[in-house]
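Just so it is clear, none of the values below were taken in a lab; they were calculated from the coordinates. What you are looking at is a predicted structure, and each value in this text was computed from that prediction instead of being measured. In this analysis, Cβ positions are derived from the backbone assuming ideal geometry, glycine residues included, and neighbour counts consider all displayed protein chains.
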Amino acid sequence: MLDCMKARGASFVLLALASVVLTACVPGPNVAATNGPEAAGFWLGLWQGLICPITFIVSLFNHGVSIYEVHNDGAWYNFGFLIGASMVLGGGGAGGARSARRRSPK
């Protein structure tokens with residue numbers, strides 16, 4: 001009986017801790033979106049997605065350089081960044097199909 005109560009207590013503590021950790025990951029409002037002349041849109045997102053590997057390397061040595069533009073217009077910038085990054089980083093779809101063809105018996 002005591003072991004069962006300890007297990008429930010430990011489960012409760014673990015669940016509470018997981019909730020706090022996951023809550024910390026929830027995105028907040030983009031306060032930078034209201035500052036500056038114009039928010040980054042689809043085309044700038046596409047360009048920054050294309051150059052993200054180079055930008056990442058530069059950002060390791062220069063703290064003023066960031067991979068992702070925080071002053072963006074939201075979904076269109078995200079979509080452009082995703083398309084650009086997928087083009088550069090491979091996307092993964094064709095590689096899976098090529099692998100499946102190699103394994104299938106002829």
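General observations
- Whole-percent pair-distance distribution, where bins are 10 Å wide, for the alpha carbons of region 37-91: 29, 50, 21, 0
- Sorted by Cβ neighbour density within 10 Å, fewest at the top, the residues 69, 38: 38, 69
- Segment residue 5-residue 66, length gained on full extension (0.36 nm per residue, minus Cα span): 17.1 nm
- Remark: 5, 87 ranked as 5, 87, counting other beta-carbon atoms within 10 Å and listing the fewest first.
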